[in-house]
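Down below is the structure, laid out as structure tokens.
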Amino acid sequence: MRINNKIKLISGRFLIVLSLCTGFISGCANNIPKQQNAGSFSDKSIETIALGSCLNPHNDQTIWQSVEATNPDLFLFLGDNVYADRLDGKWLPVATEESFKKSYHALLNNVHYQRLSKRIPVFPIWDDHDYGQNDGGAENPVAALAKDFFLSSFNLPQASEIRKRQGVYYSKIKGEEGKRVQLIFLDTRSFRTDLTKAEPGNKEGYQRYQPSSDPQQNMLGEVQWKWLEEELNKPADLRIIASSIQVLAEDHGWERWGNFPKERQRFFDLLTQTNAKGVVLVSGDRHQSGLYFKAGKTPYPLYELTASSLNMPIPNVDKEMDSTQVGYLVSEASFGLIHLDWENRALTLEIQNKANKTQRSIMVPFSEIQ
């Protein structure tokens, strides 16, 4: 392993975890254009996947031009795809029908986003702000409203199936044998139990939350856990698992799977029990992009690409360095890329800024993740 400002890892195994979001109440969206059906792939194999999160639709959105310049085959929208809990520049305790409508209207009517979404499929999952409540979980009183907007605006082909169950998790498999890419989109909001607030005087790094000791802690809910097991047992050459919040991070006190240690261990155990190969994790939420690595929890090392934020970055003044991090975080507007080199059997995770300059990258041969 060699690490520098443009990190390259020549060994490892991949779990791709991704999360994306969408939504619109059909009655409210009559004057809002629907994007291209997210199932309309071309016949060719997937070679480039773009991904990102944390987009304020009322801010500048020209970063979509940068994303389009990479010529991706699809885009993964990893949550906080709109900020529905803001209305006219003010935060709301929970989103309203008006705030949902204005937020999605601003996204779907943006000329740069329209151009991209007409050209390639967009697969979303939600995080807290498009779910309608900051740091919200199962208790969110506007979850049903958020789901209506999510499904109507992104025009997912799985919408009718998703409407029949709680939450917005779904999956997609694309490609012929030897080039099959499975996209798994987890819902880390609809079933999640309460977060545990950090105590006063908590150690540095635990700014807001700390790991829960509640034996009843829950992240995905039993039905989604069973569904995930079934998905991991399907044949695939690479699996991209999208989670709106980070899976591998250990040391910060914001939202992450590590705040639910029992549930995160269940996730690691499920990967092992199903013998799922070619897994790479992807996530959003943090307003800073980064690469993460963890070994020893599964039969092969896990890698995670956090792609955040498209237009709401938080300056990394303190140079946060998690024990699972590979290099410093990227604290400017950015997005992620996954390059699949089928001929040479290799995969690269990359972070680019708005100027299309590579800030971080990891390359791993497919042989290391099988």
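Okay, here's what the table says:
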item: Gaussian network model of the chain, Cα within-10 Å springs - most flexible of 321, 312, 219; result: 321
item: Full-extension gain in nm, residue 96 to residue 355, via 0.36 nm per residue minus C-alpha separation; result: 89.7 nm
item: Reachable aspartates and glutamates from residue 174, criterion Cα separation under 18 angstrom, eight or more residues apart if same chain; result: 43, 47, 73, 230, 231, 237, 341, 343
item: Over segment 99-241 - Rg/Rh using Cα atoms and the Kirkwood inverse-distance radius; result: 1.02
item: DSSP beta bridge pairing in the chain, given as percent antiparallel to the nearest 5; result: 65 percent
item: Segment 147-277, relative contact order [Cα under 8 Å, separation at least 6], %; result: 26 percent
item: Packing-based order for 120-126, 295-301, 325-331, 103-109, using average beta carbon neighbours within 10 Å, highest first; result: 120-126, 103-109, 325-331, 295-301
item: Longest to shortest principal axis, alpha-carbon extents of the chain, angstrom; result: 53, 50, 41
item: Over the chain, relative contact order from alpha-carbon pairs under 8 Å, at least 6 apart, %; result: 24 percent
item: Point-to-point label distance, residue 199-residue 179, nm (Cα→Cβ direction, 7 Å offset); result: 5.6 nm
item: Relative contact order (%) - segment 276-367, alpha-carbon pairs under 8 angstrom, separation at least six; result: 24 percent
item: Helix-only mean residue ellipticity at 222 nm for the chain, each DSSP H run of n ≥ 4 adding -39500 (n - 2.57), per residue, nearest 500; result: -5500 deg cm²/dmol
item: Length added when fully stretched, residue 44-residue 273, from 0.36 nm per residue minus Cα-Cα; result: 79.2 nm
item: Förster radius 22 Å - calculated FRET efficiency between residue 223 and residue 160, Cβ distance, rounded to 0.05; result: 0.80
item: Shape of segment 33-183, Cα gyration tensor, a/c cut at 1.5; result: oblate
item: Among the listed pairs 147/294; 102/319; 197/277; 44/164; 226/277, those beyond 29 Å (Cα-Cα); result: 147/294; 102/319; 197/277; 44/164
item: Separation in nanometres of the label points that stand 7 Å from Cα toward Cβ, at residue 62 and residue 87; result: 3.2 nm
item: Protection-proxy order for peptides 85-92, 60-67, each taking the mean of Cβ atoms within 10 Å per residue, highest first; result: 60-67, 85-92
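Read the figures in this text as sums done on the coordinates, not as results from a lab. Fair warning: this is a prediction, and the values are worked out from it, not measured in the lab. All Cβ positions, even for glycine, are placed from backbone atoms using ideal geometry, and neighbour counts span all protein chains on display.
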